[in-house]
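This report refers to the structure that appears directly beneath it.
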Amino acid sequence: MNNAYLVRSALVAALGGLLFGFDTAVIAGATRALSQTYGLSAAMLGVTVSMALWGTVAGSLLASAPSDRYGRKACLSALGLLYIVSALGCAWAWNWYVLIFFRLIGGLAIGGSSVAGPMYIAEIAPAHKRGRLVGFFQLNVVAGILLAYLSNYLVSGAHLGDAEWRWKLGIAAIPAALFMAALPTIPQSPRWLVAAGRKTEAREVLVRMGELAPDEEIRQISESLHAEQLGGNEPLFQTRYRKPVFLAISIGMFNQLSGINAILYYLNDIFERAGFNRVSSDMQAVLIGFTNLVFTCLAMTVIDRFGRKKLLLTGAAGTGICLAGVAGIFATGQHSEYLVWLLVGFIAFFAFSQGAVIWVYLSEVFPTLVRAKGQSLGSFTHWIMNALISGVFPVMAARSGAIPFVFFAGMMALQFVIVLKTYAETKGVSLEEMEHHFATHADRK
């Protein structure tokens, strides 16, 4: 029963990841209709898509303070409301400015979810279950992307005419409402309760979660909170942390320089440029989303066996080859029948490598005193690059369908070299050993 309560609480919080994935990907089925409805140029379409991502950057930076003050659960409830407001606002948008405003609101919810969801799950989970339960949040993000593509396909088959894109964007309010309805059934985070001085309540939650030594756990939480306060003034940008900072920034940049999210957001446009019709494009997108989910699951089962560096090298080579093939199709205007399979291959290699490795690697390369700051730096780099590339992609593609994919393929070749020459393998290495390794490296410099 206790384990069931723990799993149910983690599942409810992980629904925030489902909304995260759904809201980021659902725009793919509406880009063409939005361009026609509002007369958008390629640059304005880029702004429309990337506006949610700029909101995500802000949301990820702003979520920690209210989460610490009011609790993770209250923060998740507020984010659920933002998801609903954003979906309905986009569906009823009467002009372009209203649409991008509500896209920005949705972005705030996505960014906040990326912080509050994993934080809540990590804080309710026993140490021996934490990795799997937090990983379920990432799995839900990928499942949300698949659900968005499937939803777009089903809506496009309903023949709703000019209102079709409004239904595609507005339907996100349904899972958001279910998320909000489920949140009252989960407890507050024990860690937040201890930080708020409510240790009796924290003990009750720990007991319900199946913790066999709740008093010892509360003592460890208190010590951890004290250590975080002592380390709060430790600067991140100093010589001793140069290597981890480089790794965090580079892995965040290359994750997006692969073109992954630009492809996911503009997937239907890519297929239509290659000659597929609207409904067929929606159907091909479902296949892409399914591949993403399957290979993310596969990566989660082998990441500790194969190692982070080996997966990154495999992914850089595989995605680079697939991207070069896509560039060839658009450059020659031939063999479009291979496009879907090249994109399936690209998604498979990405999900199996970079998609699974980035968040694990960021949590491993920084010493304890600056780990939170280091992870935030990597996440911030990831979202900034996401927003920039997604905003520029339609402008590049309007000049030549091949240019963006040539660029992305080149970036994957560069990543292969940098990972091979500079990245440390963290598989099977304790955080303390990793900290010593980078400290020694810095001293030699």
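The values are calculated or read from the model by the stated rules, or taken from the named source; none is laboratory data. The structure presented is a predicted model; accordingly, all values stated were derived computationally and were not measured. No Cβ is skipped: glycine too gets one built from the backbone with ideal geometry, and neighbour counts run over all protein chains shown. For the accessible areas, the whole protein counts, side chains as well, though only heavy atoms, and no ligand, DNA or RNA atoms are used. Shrake-Rupley method; radii C 1.70, N 1.55, O 1.52, S 1.80 Å.
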Report task. Starting from the eigenvalues of the Cα gyration tensor, five times each then square-rooted, give me the equivalent ellipsoid semi-axes of the stretch 306-368, largest first, whole Å. Result -> 31, 9, 8
Report summary line: Given a 1.4 Å probe, the accessible area of the chain per residue, as a whole number of Å², is 43
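Inverting the mean 1/r over all pairs of different Cα atoms, compute the Kirkwood radius of the stretch 144-193 and quote it in Å. Kindly include the intermediate steps, with their values, before the conclusion.
On the way: mean 1/r = 0.0766 Å⁻¹.
Mean inverse Cα-Cα distance, inverted, gives 13.0 Å.
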Query raised in the report: Which value, in Å² rounded to 10, gives the accessible area of His159 with a 1.4 Å probe and all protein chains present?
Result: 150
Report summary line: Cα-Cα pairs in the stretch 175-237 separated by more than 15 Å, as a whole percent of all pairs, come to 60
Query - Debye-sum result for the stretch 1-145 in log10 I(q)/I(0), which assumes one identical scatterer on each alpha carbon, at q = 0.12, 0.16, 0.21 Å⁻¹ - result: -0.51, -0.81, -1.20
Report summary line: What the 20 Å binned alpha carbon P(r) of the chain shows, as percent of pairs per bin from 0, is 25, 57, 17, 0
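Please state the relative contact order of the chain as a whole percent: Cα pairs under 8 Å, 6+ residues apart?
Details: 680 pairs, mean separation 101.1, N = 445.
Reported as a whole number, the value is 23 percent.
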Report task. Using the Kyte-Doolittle scale, find the helices of the chain whose mean hydropathy is at least 0.0 and whose Cα atoms extend 18 Å or more along the helix's long axis, counting only whole DSSP H runs. Result -> 2-25, 42-62, 72-91, 96-124, 127-156, 242-257, 278-306, 308-332, 339-352, 371-399, 403-422
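Give me the percent of the accessible area of the stretch 354-408 that comes from carbon and sulfur atoms, probe 1.4 Å, all protein chains in place.
So the carbon and sulfur contribution to the accessible surface is 72 percent.
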Requested in this report: Report, please, the projected area of the stretch 208-258 averaged over directions, based on the convex hull of its C-alpha atoms, in nm².
Outcome: 6.5
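Over the stretch 345-397, consider all pairs of different Cα atoms and compute the Kirkwood hydrodynamic radius from their mean reciprocal separation; express it in Å, one decimal. Let's see the in-between values first.
Numbers: mean 1/r = 0.0783 Å⁻¹.
By the Kirkwood definition, the hydrodynamic radius is 12.8 Å.
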Requested in this report: Label the stretch 272-417 by shape, choosing from rounded, prolate and oblate, from the square roots a ≥ b ≥ c of the eigenvalues of the Cα gyration tensor; if a/c is under 1.5 it is rounded, and otherwise prolate applies when a/b is larger than b/c, oblate when it is not.
Outcome: prolate
Query raised in the report: Hey, got the dipole for the chain? About the Cα centre, +1 on K and R Cβ, -1 on D and E Cβ, debye to the nearest 20?
Result: 340
Query raised in the report: Given a Förster distance of 56 angstrom, what is the FRET efficiency for Cys297 paired with Asn95, based on the Cβ-Cβ distance and rounded to 0.05?
Result: 0.85
Requested in this report: Would you work out which of Gly55, Ser41, Ser113 lies farthest towards the positive end of the dipole of the stretch 1-117, given +1 charges on the beta-carbon of Lys and Arg and -1 on that of Asp and Glu, about the Cα centre?
Outcome: Ser113
Query raised in the report: From the Cα gyration tensor of the stretch 12-65, with a ≥ b ≥ c the square roots of its eigenvalues, which class applies: rounded if a/c is under 1.5, or else prolate if a/b is larger than b/c, or else oblate?
Result: oblate
Query raised in the report: Average projected area of the Cα convex hull of the stretch 64-199, in nm²?
Result: 9.2
